[in-house]
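Beneath this line is the structure, given in structure tokens, with notes to follow.
The values are calculated or read from the model by the stated rules, or taken from the named source; none is laboratory data. Every value quoted in this text rests on a predicted model; they were computed, and no experiment measured them. For neighbour counting, all protein chains shown are included, and Cβ atoms are generated from backbone atoms with ideal geometry for every residue, glycine included.
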Amino acid sequence: MNDERRALYLERFIHAAIYEARPDIVSVVHAHAEDTLPFGIATATKLRPVIHSGSFIGPYVPVWDISDKFGGDTNVLVTNMDQGRDLAKCLSRNAVVLMRGHGFASASRSLIEAVRLAVYLPRNARALLRAKILGGNIAYLSQGEIDARNRGYSPYSTETWRAWEYWANKAGVGDLLTRPDGEGGHPHDHEHSHSRQ
Ligand SMILES: [Zn+2]
């Protein structure tokens, strides 16, 4: 990321505009994940959930094209609040917005969900891209399947917490993990978290 000083510096417009528009969220991720880029460029193929863990990107992922409102002479980055607000408007109530020729921005209700989305959005995109190469019809997850997945989600379920531990350990900060007591999950989860201390 060191070679992207300018983009990192400019990120404040993306984050500020999304937080302004979405008081319901606590985390914004903006990244240039390579696997998501084709779907912001070849927009005839919609980036939608095709794998179980991709359900969290939501049933609809809009594509924001900076040139729609700001013309064909921008540097394709978000360089002011006008552009940030237009991006946030395109994101609307969705979890993710693709940014044509640039990357994506996402809005999440918790840090766990933000990290999960940052991991599974590119994975879902890779699976879809490879399926397109195989050809034929794409079997997207149905709205019912997406809803069933999201209904089953709990921030402190065994499944969620295992992934959280894995990502934290992989990032070298596993020793910083703390887990609030009495936040759902079942007794087995609880024992598990205590046995680690
Ligand atoms: Zn960027």
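Scan segment 139-155 for residues that are of a type outside the set (A, V, I, L, M, F, W, C), at pLDDT below 95 and surrounded by 12 or more Cβ atoms within 10 Å (Cβ to Cβ) and jot them down.
In the first step, residues of segment 139-155 are kept if they are of a type outside the set (A, V, I, L, M, F, W, C); the result is 140, 142-145, 147, 149-155.
If we keep only those that are at pLDDT below 95 too, we end up with 147, 149-155.
Within segment 139-155, Asp147, Arg149, Asn150, Tyr153, Ser154, Pro155 meet the criteria.
Could you please let me know if Val96 is over 28 Å from Ala168 (Cα atoms) and under 15 Å from the mean Cα position of the chain (by Cα)?
Values: over 28 Å from Ala168 (Cα atoms): no; under 15 Å from the mean Cα position of the chain (by Cα): yes.
Taking the combined requirement at face value, the residue does not satisfy it.
Restricting segment 127-141 to residues that are in contact (Cβ under 8 Å) with a residue 40 or more places away in the chain and either part of a helix (DSSP H, G or I) or among the small types (Gly, Ala, Ser) (or both), which is farthest from Ala31 (Cα to Cα)? Steps first, please.
Of all residues in segment 127-141, those in contact (Cβ under 8 Å) with a residue 40 or more places away in the chain come to 127-129, 131-132, 138-141.
Imposing the further condition that a residue be either part of a helix (DSSP H, G or I) or among the small types (Gly, Ala, Ser) (or both) reduces the set to 127-129, 131-132, 139.
Working: Ala127: 19, Leu128: 19, Leu129: 19, Ala131: 24, Lys132: 23, Ala139: 27 Å.
My answer is Ala139.
How about segment 57-89: which of its residues are in contact with a Phe, Trp or Tyr (Cβ under 6 Å, 6 or more places away or on another chain) and within 16 Å of Val29 (Cβ to Cβ)?
Val78, Gly84, Leu87
State the number of residues belonging to segment 9-49 that are under 20 Å from Ile133 (Cα atoms) and either in contact with a Pro (Cβ under 7 Å, 6 or more places away or on another chain) or crowded, with 18+ Cβ neighbours inside 10 Å (or both). Steps first, answer last, please.
So the first thing to find is which residues in segment 9-49 are under 20 Å from Ile133 (Cα atoms), and the list is 33-49.
Retained after the next criterion (residues that are either in contact with a Pro (Cβ under 7 Å, 6 or more places away or on another chain) or crowded, with 18+ Cβ neighbours inside 10 Å (or both)): 33, 35-37, 39-40, 47-49.
Of the residues in segment 9-49, 9 are under 20 Å from Ile133 (Cα atoms) and either in contact with a Pro (Cβ under 7 Å, 6 or more places away or on another chain) or crowded, with 18+ Cβ neighbours inside 10 Å (or both).
Kindly provide the set of residues from segment 68-93 that are within 19 Å of Phe39 (Cα to Cα) and within 16 Å of the ligand (Cβ to nearest atom), ordered by number.
Val76, Leu77, Val78, Leu87, Ala88, Cys90, Leu91
Tell me which residues, restricted to segment 64-98, are under 17 Å from Arg109 (Cα atoms) and not basic (Lys, Arg).
At the first step, the residues of segment 64-98 found to be under 17 Å from Arg109 (Cα atoms) are 88, 91-97.
Those that are under 17 Å from Arg109 (Cα atoms) and not basic (Lys, Arg): Ala88, Leu91, Ser92, Asn94, Ala95, Val96, Val97.
Just checking, does segment 163-173 include any residue being in a helix (DSSP H, G or I), modelled with pLDDT under 50 and exposed (fewer than 15 other Cβ atoms within 10 Å of the Cβ)? Walk me through how you get there before you give the answer.
Within segment 163-173, the first condition is being in a helix (DSSP H, G or I), and the residues that meet it are 163-170.
Filter again for modelled with pLDDT under 50, leaving none.
No, because not a single residue in segment 163-173 is in a helix (DSSP H, G or I), modelled with pLDDT under 50 and exposed (fewer than 15 other Cβ atoms within 10 Å of the Cβ).
I need a count of the residues in segment 91-111 that are assigned to a helix (DSSP H, G or I) and crowded, with 18+ Cβ neighbours inside 10 Å.
So the answer is 1.
Of all the residues that make up segment 44-87, how many are within 30 Å of Arg151 (Cα to Cα), of a type in the set (Ser, Thr, Tyr) and without any contact (Cβ under 8 Å) to a residue 40 or more places away in the chain? Talk me through it step by step, then tell me what you get.
Keep residues of segment 44-87 that are within 30 Å of Arg151 (Cα to Cα), which gives 44-64, 87.
Now drop any that are not of a type in the set (Ser, Thr, Tyr), which leaves 45, 53, 55, 60.
When the remaining residues are screened for being without any contact (Cβ under 8 Å) to a residue 40 or more places away in the chain, the result is 60.
Qualifying residue count for the region: 1.
With respect to Asn124, determine if the residue is closer than 17 Å to Pro49 by Cα, modelled with pLDDT of 95 or more, not aliphatic (A, V, I, L, M) and not in a helix (DSSP H, G or I). It would help to see each step written out before you state the result.
Numbers: closer than 17 Å to Pro49 by Cα: yes; modelled with pLDDT of 95 or more: yes; not aliphatic (A, V, I, L, M): yes; not in a helix (DSSP H, G or I): no.
Here the answer is no, as Asn124 does not meet what is asked.
Among the numbered criteria (1) under 14 Å from the mean Cα position of the chain (by Cα); (2) farther than 24 Å from Ser110 by Cβ; (3) outside any helix (DSSP H, G or I), which single criterion is violated by Val61?
Val61 satisfies all of (1) under 14 Å from the mean Cα position of the chain (by Cα); (2) farther than 24 Å from Ser110 by Cβ; (3) outside any helix (DSSP H, G or I) except (2).
Which is in contact with a helix residue (DSSP H, G or I) (Cβ under 6 Å, 6 or more places away or on another chain) and among the β-branched types (Val, Ile, Thr), of Val50, Val61? Write out each step before concluding.
Numbers: Val61 fails: in contact with a helix residue (DSSP H, G or I) (Cβ under 6 Å, 6 or more places away or on another chain).
From the options Val50, Val61, the qualifying one is Val50.
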